[in-house]
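A short reminder: the numbers here are calculations on the coordinates, not readings from a lab. Everything numeric in this text was worked out from a predicted model, so none of it was measured. Reconstructed Cβ throughout: ideal geometry from the backbone, glycine too, with neighbour counts over all protein chains shown.
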Amino acid sequence: MNVDAQISEYYDRLLKRNAGEPEFHQAVSEVLDSLKIVLEKDPHYADYSLVERLCEPERQLIFRVPWTDDKGEVNVNRGFRVQFNSALGPYKGGLRFHPSVNLGIIKFLGFEQIFKNSLTGLPIGGGKGGSDFDPKGRTDAEVMRFCQSFMTELHRHIGEYRDVPAGDIGVGGREIGYLFGQYRRLANQHESGVLTGKGLSWGGSLVRTEATGYGLVYLTEEMMNTHEESFDGAKVIVSGSGNVAIYAAEKAQQLGATVVAMSDSAGYISTPNGVDVELVKQIKEVGRGRISEYVDQAEGTYHEGGNIWEVKADVALPCATQNELNGDHAKQLAENGVRYVAEGANMPSTPEAVHYFQENGIHFAPGKAANAGGVATSALEMQQNATRDSWSFEYTDQRLHQIMSNIFKNVDRTAREYNREGDYVAGANIAGFKKVADAMLAQGVI
């Protein structure tokens, strides 16, 4: 049986075994498409059902999370932790609290995390977790009670040498604090390496807050430099206005760019003279408000329910959520002069959008490479916790910058090695896969 037929047969089986999980199907399909050329060149990677084992989580946890709101009413949410692959090290990946969370979403994120973590070059495996709980509109006391209930179950399955969660959408410093406090109570020890994204006074790392956004810009700058361009003087669209988007905008403007648009789920602001990042931080991080409030205090125009991809720019950084940028949006970006797209969110571009970018000469960096800065700095936090050390902002930022530079060079080199020059999707998938696959083969069928 040829490679195409092998992959097709396996993917059909995966669809049947994982029905109703479209995001997971999409993530696996993209990787399998890239692996065809690997299996043709290096057929030993098909031995011992390696690809099938790679696509099957080592462990999937689903649990009930009961908690009491401020009215005294009991609510019940569902919690998840998918421990996908530990061939390279302990499971590492964030927790997402959002109403959209289900098993398929967590599996897609955990699967992507395997390759992302592999690309960092650090000894961490892939996992992901979360809940369909929505922290928006909840009081601090309600969020605390939910987090305590969530951790009461999760604590049995995590540890600094087993599984190290972090934050993601809906899980910031407040939630990590409550989660860690409950873990410490249940474990009866201050095991600081069990969670990352902690407060600076109790085991956290400088740069962790900024890491995903900064890292996204560092890798994009490397990609632009390859084509003798840079952020200096560039116009940039940043979708979203959460943590990743805010710090991507901040770093882009530090490098001389003008961020001309940012968004949230209700609409977007256009800021032709550059966005006031400190004001966005005040609105979104401190006040937990909407991006529409920006135009009440600074120069800009708010577009309710608008399409941020219609803004003219040189660089687009989708930093909101999965599948936010479709094929029609990709055409709009191309027509408006965008030459570089790098994903700050996980899989924000649909397959149609990615295909359009690749077919029309737009340089595209996938999320598993471009947004790896967050987990890379989480791993640096783990190193500091293990040695009871604390590094300076400058040193940690330097380490982050070097990791992102190395990721791009590895992705670029791998794409060339497999005759896919400029195809950073294939380069990221193959480079991430080979490191994990070599470890799995060396460790036997487990």
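Toward the positive end of the charge dipole of the chain, with +1 on the Cβ of Lys and Arg and -1 on the Cβ of Asp and Glu, the farthest Cα among A313, I283, G72 is that of G72. Across the stretch 54-70, coupling constants 3J(HN,Hα) worked out from phi with the 6.51/-1.76/1.60 Karplus curve, θ = phi - 60°, read 5, 8, 10, x, 5, 7, 10, 10, 10, 8, 7, 10, x, 8, 10, 7, 5 Hz, and Gly and Pro carry x. Are there GluC sites (Glu not before Pro) in the stretch 262-364 that DSSP marks as loop and that have at most 16 other Cβ atoms within 10 Å, and which are they? Qualifying residues, ordered by number: E299. Contact order, relative form, for the stretch 59-190: 29 percent (alpha carbon pairs under 8 Å, 6 or more residues apart, mean separation divided by residue count).
Compare P66, P43, P135 in a GNM of the chain, Cα atoms joined below 10 Å, and give the one with the largest fluctuation. Its mean-square fluctuation being the largest, the pick is P43.
So between E352 and D438, what do we pick up on full extension, going 0.36 nm a residue minus the alpha carbon distance?
Numbers: separation 86, 0.36 × 86 = 30.96 nm, distance 3.14 nm.
Once the chain is fully extended between E352 and D438, it gains 27.8 nm.
Farthest toward the positive end of the dipole of the stretch 364-433, out of S390, I407, V425, is the Cα of V425, where the dipole comes from beta carbon charges about the Cα centre.
Given a cut-off of 29 Å, name the pairs among K36/K198; K128/K198; K331/K435; K16/K128; K331/K434 whose C-alpha atoms lie farther apart than that in the structure shown. Can you show the working numbers first?
On the way: K36/K198 40 Å; K128/K198 17 Å; K331/K435 35 Å; K16/K128 22 Å; K331/K434 33 Å.
Listed pairs above 29 Å: K36/K198; K331/K435; K331/K434.
If you count the DSSP beta bridges with both ends in the chain, what percent of them are antiparallel, to the nearest 5? Mind dumping the intermediate values first?
Details: 25 of 48 bridges.
Percentage antiparallel, nearest 5: 50.
Exposed loop sites, defined as trypsin sites (Lys or Arg not before Pro) outside DSSP H, G, I, E and B with at most 11 other Cβ atoms within 10 Å, are absent from the longest region of the chain, namely 137-287. Over the stretch 3-54, the pair-distance histogram of Cα-Cα distances with 10 Å bins from zero comes to 24, 59, 17, 1 percent, rounded to whole numbers. Highest GNM mean-square fluctuation among G274, G137, G289, for the chain modelled with Cα contacts below 10 Å: G137.
Between the stretch 54-86 and the stretch 256-280, the C-alpha centres lie 35 angstrom from each other. Determine which residues of the stretch 242-284 fall in the zone a paramagnetic label at V295 would reach in this model, i.e. backbone nitrogen under 14 Å from the point 7 Å along Cα→Cβ. The answer is 261-264, 266-272, whose backbone nitrogens lie closer than 14 Å to the label point. Per residue, the convex hull spanned by the Cα atoms of the chain measures out at 139 cubic angstrom.
Here each label is just a point 7 Å from Cα along the line to Cβ, and for T139 and Q189 those points are 3.6 nm apart. Rounded to the nearest Hz, the phi-derived 3J(HN,Hα) couplings of the stretch 377-389 under the Karplus curve 6.51 cos²θ - 1.76 cosθ + 1.60 (θ = phi - 60°) are 6, 4, 5, 5, 5, 4, 4, 5, 5, 5, 9, 6, 10, where x marks glycine and proline. The order of Y356, Y10, Y48, going from fewest to most other C-beta atoms within 10 Å of their C-beta, is Y48, Y10, Y356. The GluC sites (Glu not before Pro) of the stretch 1-71 include none that meets both criteria, a DSSP state outside H, G, I, E and B (loop) and at most 15 other C-beta atoms within 10 angstrom of the site's C-beta. In the chain, Cα pairs under 8 Å separated by at least six residues give a relative contact order of 15 percent. Can you find, among Q60, L32, G367, the residue farthest towards the positive end of the dipole of the chain? Put +1 on the C-beta of Lys and Arg, -1 on that of Asp and Glu. Of the candidates, Q60 comes out farthest on the positive side.
With a simple spin-label model that places each label point 7 Å from the Cα along the Cα-to-Cβ direction, the separation between K71 and E153 comes to 2.3 nm. The magnitude of the dipole of the chain, with charges of +1 and -1 set on the Cβ of Lys/Arg and Asp/Glu and taken from the Cα centre, is near 1460 debye.
The DSSP beta bridges internal to the stretch 57-210 are antiparallel in roughly 65% of cases.
If I stretch the segment between E40 and V3 completely, what's the gain in nm (0.36 nm per residue apart, minus their alpha carbon distance), one decimal? Working shown, then result.
Working: separation 37, 0.36 × 37 = 13.32 nm, distance 0.66 nm.
Contour length minus the Cα-Cα distance gives 12.7 nm.
Placing dummy labels 7 Å off each Cα toward the beta-carbon, the span from S405 to N336 is 3.3 nm.
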